[in-house]
Every structure is written in C-alpha cells, then in structure tokens.
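These notes are about the structure you will find just below.
Quick note: the coordinates plus some simple rules give every number you see, no bench work behind them. None of these values were measured; they are calculated from a predicted model. We place every Cβ from the backbone using ideal geometry, glycine too, and count neighbours over all the protein chains shown.
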C-alpha cells in the first residue's frame with residue numbers, strides 16, 4: 001500500500017478557530033501554574049478529580065484505536081485494514097502526548113516526576129500506569145518513525161531504526177517487568193523472552209515494522225487501560241454499584257477496545273468528508289463488523305456483571321436512568337444499526353452507530369468519574385458537595401482537542417499518513433451503492 005501527503009493548503013478557514021482555541025488554552029495553562037490549582041479550578045479536597053481526569057480517561061480510551069488497529073493489522077494479519085493503521089498510530093501518538101500535557105496541569109507538583117525513577121511502590125496502580133504511558137509514548141513514536149523517514153527519504157536512518165528499535169523495545173519490556181516485580185531476575189528473563197520473540201519475528205510483517213514493536217504497544221496499552229479501572233476499586237463506598245465492580249479493570253480494557261475501533265472508523269469518515277476522499281464503504285463495513293463484536297463483548301459483560309452481583313435492583317432513580325441511557329444509547333442502538341451487512345454498508349446507519357459507540361464509552365467515563373459518584377463532605381456526616389469545572393479547566397481541555405485535530409490535519413498534509421486513493425475509487429463506490437439499492 002502506498003501512502004502520500006494530502007494535497008491542499010496547510011491552513012484553511014477551519015485553522016483559525018482551532019488556533020484561537022489553542023492560544024486560549026495556552027493562556028489558561030500558564031494561569032494554572034501562575035495562580036495555582038485552588039484559584040484556577042473548582043477542584044477541592046472532596047473533588048480532587050474533576051474534568052481533567054474524566055478528560056484523560058476518555059481520551060486514553062479513544063486512543064486505544066492505535067493498539068487495537070496495530071494488533072489487528074500486524075499481529076492478526078488483518079491486511080485489509082492496513083489503510084487505517086498509520087492514521088490510528090498518528091492520532092494515538094498525538095493523543096497520548098496531549099494526555100501527558102493534561103496530567104502536567106492536573107498534578108499538584110508535576111516537576112517531581114523524577115520520583116518515578118527512585119520509588120518502588122508494591123501496590124500502586126498509578127505507578128504502573130505512569131510507567132506504561134511513558135514507555136508506550138516512546139513505542140508509538142518508534143512505530144510512527146518510518147512515516148517520517150519515508151517522507152524525507154532518510155533510508156540510512158530507517159536502517160538504523162530497523163536494527164535498534166527492537167533492541168530498545170526489548171530493553172523497555174525488561175525494565176518494565178523489573179519495575180513491576182521488584183526482581184532483577186524477572187526483568188532479565190522477560191528481556192530474554194522478548195529478545196527471542198524479536199529474533200524469531202524479525203522477517204515477518206510486510207510493512208517493515210518490527211513485530212516486537214507491535215507486541216510492546218499492545219502489551220503496554222492493555223496493561224494501563226485495565227489499570228486505570230483499578231484506581232476506582234478503592235471507592236466502593238463512593239461509586240454507585242452500577243459502575244463499581246471487582247472486574248472494573250477488565251471493563252475498562254473492553255471499553256477502550258470498543259471506543260478505539262469506533263474512533264478509527266470515525267477518523268476515516270471525517271478524512272473522507274474534509275479531505276474530499278472516496279468513502280471506504282467496504283473497509284468501514286468490515287470494521288463495523290469488528291465493532292459489532294466488541295460491543296457485544298463489552299456491553300454483554302457489563303450487563304451480566306451487574307446481574308450476577310445482584311445490582312439490578314439499583315436501576316432506579318438518577319443513577320438508574322444514567323445507567324440505562326449508557327447501555328441503550330451506547331450499546332443496544334449501535335448493535336441494532338450494525339446487525340446486518342446491509343446496514344453496515346449504508347452510510348447513515350454506520351455513521352450513527354460509530355458516533356453512538358464512542359459517546360457510550362465517553363458517557364461511561366463521565367459516569368465513573370463524576371455522575372456516578374456520591375461524595376459526602378470531608379467531615380463525618382458532611383453534606384454531599386457538588387462540582388462544576390472552571391473556565392480554566394474547560395479551556396485547557398478543549399484546546400488540547402483542538403490541537404489534536406489541527407496537528408492531525410497538518411500531519412496528513414505534510415507526511416505520507418493516508419493511503420493513496422485508488423483511481424476512480426469514488427465512482428466505483430457510488431456505482432456499487434447504486435447497485436445495492438437497486
């Protein structure tokens with residue numbers, strides 16, 4: 001498959017509002033450090049986690065499209081989805097980079113990050129997530145590097161990358177194993193095992209991407225996606241039983257797979273719309289089938305979990321309405337829209353199902369972090385407090401979304417991220433649509 005930069009102006013009429021929003025976010029970011037969290041946010045001892053944490057959990061779930069697509073294409077040899085791989089990795093790299101920016105704003109003392117290198121906590125999900133995200137960003141950068149080499153013709157640098165990126169990846173996997181186990185011998189064993197895998201798979205993969213890179217990406221992403229759910233296991237007295245579950249880590253992982261697939265599909269739809277490219281009907285329909293399976297597994301597990309724990313009686317009041325809205329709007333309706341090949345090959349049902357699947361996971365994260373919580377005051381017997389994000393919190397979050405959109409488009413115009421359209425692809429798709437309707 002050949003990739004090429006999108007032809008067109010680097011800056012369009014849509015660039016101006018994105019740049020203005022990014023500038024406003026930069027001012028809000030500076031204000032956060034100039035005046036402190038207390039003065040610029042509505043966070044408190046009772047609500048230390050607010051919009052920024054919900055934002056991070058949502059974005060990390062959506063960014064799961066990078067590891068899901070890479071796994072489908074390079075590990076499970078789903079070559080027909082190769083057109084979605086580079087855009088997914090590029091958006092994943094942007095997303096995780098901007099999530100780190102949000103964390104810098106959200107942490108009280110972000111300049112103490114070096115403590116990750118000297119502390120050895122044995123029971124800290126945040127410790128595991130921090131190292132996973134840090135290493136995963138470097139792996140994503142290595143995954144995306146060949147796109148830059150291809151654009152500028154850096155063949156010698158590509159050869160260096162092909163030789164040394166597996167070495168770095170094996171070392172990263174060994175280091176991570178040591179940090180999590182606190183045992184040097186386990187880190188050495190993991191490095192040896194992954195080195196053997198890297199050696200045995202060195203000639204596989206027609207794309208030239210070392211398979212060990214993809215394995216590391218899937219490993220790191222799987223672990224931190226699930227560990228994020230583990231953070232809320234500490235809150236059974238605060239989080240509604242409709243969302244709190246002993247398998248919350250598994251549910252977070254499954255929801256990330258679902259959201260990631262939906263985002264990759266949505267990105268391809270938006271690329272088709274704004275870059276005036278052919279609508280990939282068959283490709284999106286096949287990906288819609290994958291999304292259908294992910295929805296069945298995720299929402300089926302959610303409903304069975306609630307039933308097995310005997311929490312169906314909790315389906316009343318405000319929390320019950322929120323839960324039903326999430327299950328029906330984010331799960332049942334998309335499943336119905338993706339139930340048949342005929343529906344999946346029609347644009348309107350496919351777009352609606354993709355959007356609802358993403359919104360369902362987004363709503364789930366908002367429920368877990370904010371709406372499903374019952375937080376009494378810090379004093380015993382205190383009243384339940386409320387929280388609404390401040391202007392600074394909104395500006396920082398929205399500006400990073402604008403930055404992701406802006407830099408994705410800029411990257412698509414400067415680098416060979418998107419596949420080269422097939423000649424007369426749009427005409428063929430239109431003819432096929434007309435034939436199917438007739």
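If I stretch the segment between residue 14 and residue 147 completely, what's the gain in nm (0.36 nm per residue apart, minus their alpha carbon distance), one decimal?
Once the chain is fully extended between residue 14 and residue 147, it gains 45.3 nm.
Between residue 250 and residue 39, what length comes free when the chain is fully extended (0.36 nm per residue of separation minus the Cα-Cα distance, one decimal in nm)?
Length gained between residue 250 and residue 39: 72.3 nm.
Give me the distance between the Cα centres of the range 278-305 and the range 88-137, rounded to whole Å.
Value for the Cα centre distance between the two parts: 30 Å.
How far apart, in nm, are the 7 Å Cα→Cβ label points at residue 321 and residue 200?
5.6 nm
Want the number for residue 359 to residue 167: 0.36 nm per residue separation, take away the alpha-carbon distance, what's left?
65.2 nm
Exposure proxy check: 128, 150, 122 ranked by fewest other beta carbons within 10 Å? Don't skip to the end; give the middle numbers.
Details: 128 20, 150 17, 122 8.
Taking fewest neighbouring Cβ atoms as first place, the list is 122, 150, 128.
Given R₀ = 25 Å, FRET efficiency for residue 112-residue 388 by Cβ-Cβ distance, to 0.05?
Plugging the Cβ-Cβ distance into 1/(1 + (r/R0)^6) gives 0.30.
How many angstrom lie between the C-alpha centres of the range 311-357 and the range 383-416?
Taking the Cα centre of each part, the range 311-357 and the range 383-416 sit 26 Å apart.
Under a crude label model (7 Å from the Cα following the beta-carbon direction), how far is residue 273 from residue 348 in nanometres?
The modelled label-to-label distance comes out at 1.5 nm.
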